[in-house]
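Contents: one structure, followed by commentary.
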Amino acid sequence: MADILIHCALIILMPPLLLGVINRTKATCAGRTGAPLLQPYYDLFRLLRKGSVFSRTTTWVFRAGPIVTLAATLAAALLIPLGNHLPPLSFNGDMILFVYLLALGRFFTATAALDTGSSFEGMGAAREVTFSCLAEPVICIALLVLSRLSGSLSLSGILTHSSTTLWLNSGAALILLVAGLFFVLLSENCRIPFDDPNTHLELTMIHEVMVLDHSGPAFGMIMYGAALKLFILGALFLHVLLPLRVASPLLDWMIFFTSILLLAVVIGVVESVMARYRLTRVPQMLLAACVLSAFAMMLVMR
Amino acid sequence: MNSELLLKTFRNGDSIAVQDVPEVALEEFLQAIVELTGLGWRVVSYFGVPDRDGIGLWCILAGSNQRLGAFRARVEGSLPSITDVCPEVHLFEREIAEQCGVPLDGHPWFKPVRYQHSLRPGHDAWGRDGNRAILPCVGDFYRVEGTEIHEVAVGPVHAGIIEPGHFRFQCHGETVYHLEIALGYQHRGLERVLAGGPHAATMAQMETVAGDTTIGHSIAYAMIREGFAAVEAPPRAHSLQAVALELERLANHCGDLGALAGDVGYLPTMSFCGRIRGDFLNTSATLCGSRFGRGLVRPGGVYFDCPPEQATGLIRRLEVIQRDYRGAVELLWNSPSVMARFEKTGRVSLDDARDLGLVGPAARACGVARDVRRDYPFGFYRNVAPALSVETEGDVLARAMLRWKESQASLEFIADRLNSLPEGDVLLPCGNMRQERMTVAMVEGWRGEICHVAITDATGRFLRYKVKDPSFHNWNGLALSLRNQQISDFPLCNKSFNLSYCGFDL
């Protein structure tokens with residue numbers, strides 16, 4: 001029970017902190033002081049207090065977009081184990097639901113973008129959908145590989161199965177998975193080198209351009225949803241990369257907490273030392289991620 | 001060579017009597033422009049002067065051996081266009097049509113330039129009502145037809161902190177087939193208020209033609225006034241003007257390199273260069289109290305002297321800045337991910353650059369060795385000019401690399417000037433302007449060739465003052481650089497040109 005409460009508290013409270021850590025890391029690398037660590041929380045509260053503006057050309061789809069996306073992401077967050085702890089919801093085959101919930105969120109974000117009729121948002125939706133065609137298989141294949149290794153069909157089963165022994169037995173496959181998943185972690189969360197979350201240049205954006213017309217609380221939901229997605233995929237990634245487990249629940253929570261913050265620092269460092277890919281290179285890199293996870297699949301199938 | 005004989009030739013900054021400028025028949029005039037541009041001359045200014053009887057057309061060309069040439073003609077009714085055979089005049093012709101209200105015959109893209117009323121009340125090339133405000137950029141745009149073509153309109157309101165301009169892209173998927181740029185939102189009627197001047201506000205107006213080119217435009221204005229008054233600024237003033245001009249170049253080149261890094265999401269160089277640009281601006285502030293160099297250049301010299309201890313202080317400071325600047329920029333060249341974005345993006349060919357008459361770094365990045373400081377020297381540059389850098393690729397990388405090379409040359413040049421400042425006054429009184437003369441002043445600003453042409457009337461006031469910012473030539477270079485490029489690379493290409501909206505809109 002306590003674990004479920006902590007799980008819910010973490011998915012509600014922690015995601016914006018990751019953004020704060022990433023931004024702070026980027027600022028430090030660039031020799032700046034940077035915004036306060038809690039700035040994303042302030043931004044969220046600011047947005048929630050604001051009014052919204054809705055274009056007359058939009059329909060209910062535009063208003064539903066942020067809500068459905070956030071709801072889908074929250075539901076997905078209930079399925080994913082954090083550290084060594086079981087999630088509130090878990091059943092056989094929930095990994096399929098997990099993938100589909102993320103896809104549902106994306107579908108509504110893209111549809112809401114198309115609903116505005118703006119040429120920018122149309123371009124953004126086209127880009128997002130094109131690239132996710134290549135990013136989704138990576139997650140699916142990764143889950144299949146882990147499912148094969150663990151013999152389980154539920155997220156909690158396959159993710160908590162990975163351990164140091166597993167790394168010793170099928171390290172090659174896991175290394176390939178880690179590489180593939182890291183690409184997807186960056187691209188799905190619109191981080192550099194795939195997308196630039198801080199740019200103001202509409203023509204170069206992928207994810208950000210789809211939400212240009214949202215304002216106020218709706219935009220706050222989008223921001224929070226994006227942070228939550230980073231949190232979920234980060235947790236998924238950490239299960240594969242760092243399967244550190246001790247028996248003590250408190251210590252396990254500490255390990256999870258520290259490792260996901262460290263992941264945010266790593267993302268911040270990657271963003272600081274790299275420029276963005278040219279847009280035509282993004283599908284190539286994602287395809288490479290697909291190939292990596294496919295190889296991992298082959299290694300565990302033999 | 002016959003056409004060259006038609007011209008009255010002179011040097012940059014010279015003042016010549018209006019009656020010495022040959023007036024030829026319109027047909028001969030246009031024929032000569034076509035021939036001269038074929039012989040290697042370049043149109044640096046081409047404008048109309050409306051008067052009681054009609055319109056006088058003035059054309060200033062720049063040739064080899066530091067020669068400038070001028071001649072004129074009169075036009076009544078409509079002006080035959082020569083854009084088809086001499087593309088570099090295409091925008092000049094549209095400007096003449098708009099400012100003088102004279103229709104063009106056979107211009108391939110006959111549209112207003114700045115959406116302003118003509119200087120001749122009652123005449124408008126498009127028959128627009130003279131009493132009603134003209135809305136900028138309202139009208140037809142070039143369209144590519146087809147079911148898979150989509151149009152993207154950007155601006156005039158942008159997400160960035162930049163000036164307003166409107167960009168129409170014709171795209172096929174992510175590929176841009178054509179970009180049309182429409183400006184005019186910043187039109188302030190500068191040339192209109194300059195007529196009848198100089199007024200008390202004229203110097204301040206010249207400093208704000210383009211806020212980031214304050215020194216460039218104010219040197220050009222000072223040269224115009226000195227030419228008319230037959231005054232030569234003292235050598236010490238010339239040295240200080242050159243120092244200020246190069247500092248302006250450094251601040252902007254440094255800021256641009258940082259902004260280019262920012263556009264590809266490369267944060268370290270963006271942050272460092274942003275700060276270093278501030279250091280350069282503060283150096284300008286040490287000279288005159290204004291970070292943008294306002295109040296420094298005055299007709300007859302400079303308003304602020306630079307005492308020896310200040311000069312040595314500046315040299316020491318610039319050495320520190322140079323070290324930081326080098327470190328920040330080398331990060332850029334050493335990042336493969338940045339180079340992958342810069343290389344082969346936004347390419348302009350050498351032929352296109354020549355045809356369009358590009359100027360400044362945009363031209364030099366395409367392999368066109370063109371620099372007013374070397375070709376038509378003015379002020380201190382008559383003694384020595386900084387080393388000329390040329391790149392050949394014409395892409396974003398070439399424009400970025402060129403900025404770095406020019407920065408290095410400028411830093412060296414500034415140190416030399418501050419080390420050897422001539423003795424003497426810095427400001428001479430600049431008396432009344434001589435009547436019925438024409439003066440041409442060309443300055444290599446950081447964006448390229450600035451050209452001011454002024455004509456005085458019988459009372460010694462400005463009859464016509466024509467300002468040309470380098471952006472006037474280069475906006476079309478940006479449009480061409482986007483052909484067959486990814487639309488997502490537009491911000492990067494745009495930044496690599498970094499053109500002025502208000503300098504164009506005047």
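Every number in this text was worked out from the coordinates using simple rules, so none of it is lab data. Note that the coordinates shown come from a computational prediction; the quantities given were computed from them, not determined experimentally. In this analysis, Cβ positions are derived from the backbone assuming ideal geometry, glycine residues included, and neighbour counts consider all displayed protein chains.
What are the equivalent ellipsoid semi-axes of the range A:1-96, built from the alpha-carbon gyration tensor (square roots of five times its eigenvalues), in whole angstrom, biggest first? Before the final figure, lay out the partial values.
Working: eigenvalues 152, 127, 30 Å².
Calculated on Cα positions only, the semi-axes equal 28, 25, 12 Å.
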- Message: Suppose each label sits 7 Å from its Cα in the direction of the beta carbon; what would the B:Asp416-A:Leu250 distance come out to in nanometres?
- Response: 7.3 nm
- Item | Among A:Leu228, A:Leu159, A:Leu97: highest mean-square fluctuation, GNM of chain A, C-alpha pairs under 10 Å | A:Leu97
- Kirkwood Rh (inverse of mean 1/r, distinct Cα pairs), the range B:117-255, angstrom: 19.2 Å
- Let me know the whole percent of all Cα-Cα pairs from the protein assembly as shown that are separated by more than 46 Å. 34 percent
- Item | Using alpha-carbon coordinates, inclination of helix A:39-49 to the longest axis of chain A, degrees | 50 degrees
- Note on the structure: Of the listed links A:Lys229/B:Lys344; B:Lys8/B:Lys405; B:Lys405/B:Lys495; B:Lys111/B:Lys468, those spanning more than 26 angstrom between alpha carbons are A:Lys229/B:Lys344; B:Lys8/B:Lys405
- Task: Provide B:Cys306, A:Cys140 in ascending order of the number of other Cβ atoms located within 10 Å of each residue's Cβ, fewest first.
- Result: A:Cys140, B:Cys306
- Calculated FRET value between B:Arg326 and B:Ile162, using beta carbons and R₀ = 30 Å, to 0.05: 0.60
- Taking the alpha-carbon centre of each part, the distance from the range B:227-295 to the range A:1-69 in Å is 40 Å
- Message: Starting from 0.36 nm per residue, how many nanometres of slack lie between B:Asp84 and B:Arg316 once their C-alpha separation is accounted for?
- Response: 78.2 nm
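Note down the Stokes-Einstein diffusion coefficient of the range A:1-55 in µm²/s, whole number, using a Kirkwood radius over alpha carbon pairs, 37 °C, and 0.692 mPa s.
Working: Rh = 13.2 Å.
Answer, rounded: 249 µm²/s.
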- Item | Approximate spin-label separation A:Thr164-B:Arg143, in nm, with each point projected 7 Å along Cα-to-Cβ | 7.0 nm
- Item | Reciprocal mean inverse distance between Cα atoms of the range A:2-301 - Kirkwood radius, Å | 19.6 Å
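How do B:Tyr501, B:Tyr376 line up, fewest other C-beta atoms within 10 Å first? All intermediate terms of the calculation are to be shown ahead of the outcome.
On the way: B:Tyr501 21, B:Tyr376 26.
Listing B:Tyr501, B:Tyr376 from fewest to most nearby Cβ atoms yields B:Tyr501, B:Tyr376.
Once the piece of chain linking B:Ala387 and B:Glu309 is laid out straight, how much longer is it, given 0.36 nm per residue of separation minus the C-alpha distance between them? Mind dumping the intermediate values first?
On the way: separation 78, 0.36 × 78 = 28.08 nm, distance 2.76 nm.
That pair, B:Ala387 and B:Glu309, stretches by 25.3 nm at full extension.
Given C-alpha coordinates of chain B, what is the ratio Rg to Rh with the Kirkwood estimate of Rh? Write down the numbers at each step before the final one.
Working: Rg = 22.2 Å, Rh = 23.3 Å.
Looking at chain B, the ratio lands at 0.95.
Could you give the Stokes-Einstein D for the range B:55-184 in µm² per second, using the C-alpha Kirkwood radius, 20 °C, 1.002 mPa s? Can you show the working numbers first?
Details: Rh = 17.1 Å.
D = 126 µm²/s.
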- Calculate the mean, over all residues of peptide A:275-283, of how many other protein chain Cβ atoms lie within 10 angstrom of the residue's Cβ. 6
- Message: If you take each beta carbon of peptide B:258-269 and count the beta carbons of other chains within 10 angstrom, what is the mean?
- Response: 6
- Over all residues in A:192-201, what is the mean tally of Cβ atoms on other chains that come within 10 Å of each residue's Cβ? 5
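Please give me, ordered by residue number, the GluC sites (Glu not before Pro) of the range B:142-212 that lie in loop per DSSP and have at most 15 other Cβ atoms within 10 Å.
Values: sites: B:Glu145, B:Glu148, B:Glu151, B:Glu174, B:Glu180, B:Glu191, B:Glu207; in loops: B:Glu145, B:Glu148, B:Glu174.
Sites meeting the loop and neighbour criteria: B:Glu145, B:Glu148.
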- Would you mind computing, in nm to one decimal, how far apart the modelled labels at B:Ser290 and A:Met1 are, each placed 7 Å from Cα along Cα→Cβ? 7.4 nm
- Message: Could you order the peptides A:189-201, A:285-297 from most to least packed, using the average number of other C-beta atoms within 10 Å per residue?
- Response: A:189-201, A:285-297
- Note on the structure: Computed over chain B, the relative contact order (Cα-Cα under 8 Å, seq sep at least six) in percent reads 19 percent
- Task: Select from B:Gly278, B:Ser420, B:Val44 the residue farthest towards the positive end of the dipole of the protein assembly as shown; place +1 on Cβ of Lys and Arg, -1 on Cβ of Asp and Glu, and compute about the Cα centre.
- Result: B:Gly278
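May I ask what percent, to the nearest 5, of DSSP beta bridges between residues of the range B:2-105 are antiparallel? If you can, show how the numbers build up before the last one.
Working: 19 of 22 bridges.
Here the antiparallel bridges make up roughly 85 percent for the range B:2-105.
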- Note on the structure: Quick calc of log₁₀ I(q)/I(0), the range B:2-105, Debye, one scatterer on every Cα, no solvent, q values 0.22 1/Å, result -1.24
- Return one number: the angle in degrees, 0 to 90 and rounded to the nearest 10, between the long axis of the Cα atoms of helix A:119-150 and the longest principal axis of the Cα atoms of chain A. 10 degrees
- Note on the structure: Measuring from the longest principal axis of the C-alpha atoms of chain A, the long axis of helix A:15-29 (C-alpha) lies at a number of degrees, nearest 10, equal to 80 degrees
- Task: Count charges around A:Ser132 for me, please; just the other residues with Cβ under 14 Å from its Cβ, Lys/Arg as +1, Asp/Glu as -1.
- Result: -1
- Task: Report, in debye and to the nearest 20, how large the dipole of the range A:121-268 comes out about its Cα centre when Lys and Arg carry +1 and Asp and Glu carry -1 on their Cβ.
- Result: 640 debye
- Note on the structure: Whole-percent tail of the Cα-Cα distance distribution for the range A:36-180, cut at 20 Å, equals 61 percent
- Once the principal axes of the Cα atoms of the range A:175-302 are found, what is the range along each, listed largest first in whole angstroms? 47, 38, 26
